[in-house]
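What follows is one structure encoded as structure tokens, with my remarks underneath.
All of the numbers you see were taken from the coordinates with simple rules; none came from a lab. Because the structure is predicted, anything quoted here is derived from the model rather than measured. As a convention, Cβ positions derive from the backbone with ideal geometry for all residues, glycine included, and neighbour counts pool all protein chains shown.
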Amino acid sequence: MHVLPKLAYAYNALEPFIDEQTMILHHDKHHQTYVDKLNEAVKGSAVESWPVEKLMADLDHVPESIRTAVRNHGGGVFNHNFFWTILKKDVPISSGIATAIDKDFGSFEKFKEQFTAAVLGQFGSGWAWLVLTKGKLEIVKTSNQDCPLSDGKKPLLCIDVWEHSYYLRYFNRRADYVDAWWNVVNWEQVEKNYELALKR
Ligand code: MN
């Protein structure tokens, strides 16, 4: 059974950048629905016991009759599980990931510009990610609930750009949401993700 993970912080911990009401609805309703629908999809199938990471990394081996449901709802589960962990206020960037960003993007400012452009350039619902691919940092976008694990990429950082993640506070202003989001990146967790991704 896939379960909804508890947040490691209070619903209002990311205020004023991400508001409490959005966090409650996003975690308790949207994320819970992905968990429920994933459980429904895999029930009684050959992949019922697979962890969500394996489902997403190995979609080709998920039975065809449930593959689309697993792609959508499994992606919804993994992406949100991951997203909550990389959010925290007032965490300075760590040296390992800062050095890698300077090396692969030229400077932090250039990285920030490119990442923000990816967020604003994602047409419709989806995600923007910082991933590690063959030892190199890369910015990728995914549509709907698609997940970089399915493309063999190792996620380090992500932002949810579905309207449900920002509409209550920012309405249609995705640019304001991404500006605010830079204040709640948990760089300590991103550093951990980076170190782990280098080892794998
Ligand atoms: Mn979401």
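Hey, could you grab the Kirkwood Rh for the chain? Inverse mean 1/r over distinct alpha carbon pairs, Å, one decimal. Before the final figure, lay out the partial values.
Values: mean 1/r = 0.0578 Å⁻¹.
Result for the chain stands at 17.3 Å.
Just how many % of Cα pairs in segment 91-200 lie over 17 Å apart, if you round to the nearest whole percent?
Result: 53 percent of Cα pairs exceed 17 Å.
Show me the ranking of peptides 91-104, 161-174 by mean Cβ neighbours inside 10 Å, starting with the highest. Don't skip to the end; give the middle numbers.
Details: 91-104: 14.9, 161-174: 17.1.
Ranking the peptides 91-104, 161-174 by packing returns 161-174, 91-104.
How far is the Cα center of segment 38-76 from the Cα center of segment 88-121, in Å?
32 Å
Tabulate in residue order the Karplus-calculated ³J(HN,Hα) for segment 189-197, using 6.51 cos²θ - 1.76 cosθ + 1.60 with θ = phi - 60°, rounded to whole Hz; enter x for Gly and Pro.
5, 4, 4, 4, 4, 5, 4, 5, 5
Cross-link list Lys6/Lys134; Lys54/Lys134; Lys136/Lys199; Lys6/Lys112; Lys37/Lys192; Lys54/Lys154: which exceed 22 angstrom alpha carbon to alpha carbon? Don't skip to the end; give the middle numbers.
Details: Lys6/Lys134 32 Å; Lys54/Lys134 19 Å; Lys136/Lys199 13 Å; Lys6/Lys112 29 Å; Lys37/Lys192 30 Å; Lys54/Lys154 13 Å.
Going by Cα-Cα distance, Lys6/Lys134; Lys6/Lys112; Lys37/Lys192 fall outside the 22 Å limit.
What's the magnitude of the charge dipole for segment 42-200 around its Cα centre, counting Lys and Arg as +1 and Asp and Glu as -1 at the beta-carbon? Answer in Debye, nearest 20. Could you put the intermediate results ahead of the total?
Working: 20 positive and 20 negative charges, 18 e Å.
Computed charge dipole of segment 42-200: roughly 80 debye.
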